[in-house]
1. Obtain the nm distance between the two label points defined at TRP64 and LEU269 by a simple spin-label model: each point lies 7 Å from its Cα along the Cα-to-C-beta direction.
2. With r as the distance between the Cβ atoms of VAL151 and ASP285 and R0 = 30 Å, compute the FRET efficiency 1/(1 + (r/R0)^6) and round to 0.05.
3. Taking the Cβ-Cβ separation of LEU252 and ASP165 as r and a Förster radius of 35 Å, what is the calculated FRET efficiency to the nearest 0.05?
4. Listed highest first by mean packing, meaning other Cβ atoms within 10 Å per residue, what order do 106-119, 233-246, 55-68 come in?
5. Over the Cα atoms of the range 142-285, how large are the radius of gyration and the largest Cα-Cα distance (Dmax), in Å?
6. Between ILE238 and TRP57, with labels modelled 7 Å along Cα→Cβ, what's the label distance in nm to one decimal, could you check?
7. When the chain is fully extended, how far beyond the present Cα-Cα distance does TRP104 get from HIS131, taking 0.36 nm per residue of separation?
8. Find the centroid of the Cα atoms in the range 193-246 and in the range 122-179, then give the distance between the two in whole Å.
Amino acid sequence: MRRRDRGGGHVAPRLVKTFFPPERTGLVTGLYMLAMMGGAALSSAVAVPLADRLGSWQASLASWSVVALVGTLAWAPFTVRANPHHTPDEEGPGRLPWRHPTAWLVAAYLALQSWCFYSAITWLAPTYVEHGWSRGAAGYLAAAFSGAQLVSGLIGPVLSDRADDTRRLLLPAAILGVVGCLGIWLLPLAAPWLWAVVAGLGQGAAFSLALVLLVHYARTPEASGRLTGMAFLFSYGIASVGPLAMGLVRDLSGGLTPVWAVLAGVGVLQALVVLRLKPDLRRVD
């Protein structure tokens with residue numbers, strides 16, 4: 001199964017704050033998340049058929065380099081655009097906000113959410129292969145997980161434009177993720193498609209709203225870029241070991257089912273961090 005790359009999230013918050021007014025932050029974030037998650041759902045669905053048709057998983061993976069090239073060429077013209085929302089007091093690139101308490105809260109939230117996401121997308125299909133499913137059927141289940149994020153990844157940020165406190169959206173997203181993991185852990189074969197969709201809805205909203213936070217808790221586009229750099233450097237550094245750690249849980253327990261119990265616990269920690277993300281936190285300068 002093909003793991004999804006969310007690298008676009010590294011620069012997108014700064015671009016949103018640069019090129020769009022504050023009242024459109026959620027809408028624009030939702031739209032580019034829709035594109036990212038749509039590609040993820042498509043890749044999950046066709047990864048195995050492509051591997052069968054091309055003769056190897058390496059060829060299936062390499063075929064996506066064509067899409068990456070097209071995306072690079074499409075983005076090139078926008079790199080020279082001026083900032084229409086420039087403010088006079090904006091400064092050039094500066095140090096990452098390592099000493100800023102708000103930045104650390106956002107980074108902690110992203111670390112826990114990304115740990116859950118990358119572990120889920122890595123081990124969802126193998127979990128059901130372990131339960132006797134074919135590789136193709138398990139791939140479609142992973143596509144349903146990613147497809148559900150199309151809905152919540154768009155709706156969550158759009159609703160955030162009208163929400164005074166994003167915790168009202170972040171907390172339900174975390175709860176959905178926990179419920180999905182608990183379902184796969186305790187009743188994996190009772191309603192596998194339901195659990196995949198519920199978990200996907202939670203993960204899609206949780207990540208897209210995290211990108212909104214990277215815009216909301218920064219005063220300028222440059223500050224948003226610094227906050228994003230610090231948050232992703234820390235969170236992805238932590239989350240990158242998530243799938244490996246969950247693989248270790250599998251090796252120690254003899255199966256993948258306990259992995260979902262651990263991910264449910266990480267989701268609970270994510271919800272606890274959400275409670276600290278108050279709307280009046282000091283913004284990154």
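What follows is calculated from the coordinates using simple rules that are stated; it is not laboratory data. The structure presented is a predicted model; accordingly, all values stated were derived computationally and were not measured. Positions of Cβ are backbone-derived with ideal geometry, glycine not excepted, and every protein chain shown enters the neighbour counts.
1. The two pseudo-label positions are separated by 2.7 nm.
2. 0.25
3. Details: r = 40 Å, r/R0 = 1.15.
In this case the efficiency is close to 0.30.
4. Descending packing order for the listed peptides: 106-119, 233-246, 55-68.
5. Every Cα atom of the range 142-285 included, Rg and Dmax give 16.2, 50 Å.
6. Placing both labels 7 Å along Cα→Cβ, they lie 2.9 nm apart.
7. Details: separation 27, 0.36 × 27 = 9.72 nm, distance 3.93 nm.
The span from TRP104 to HIS131 would gain 5.8 nm if fully extended.
8. One Cα centre to the other: 13 Å.
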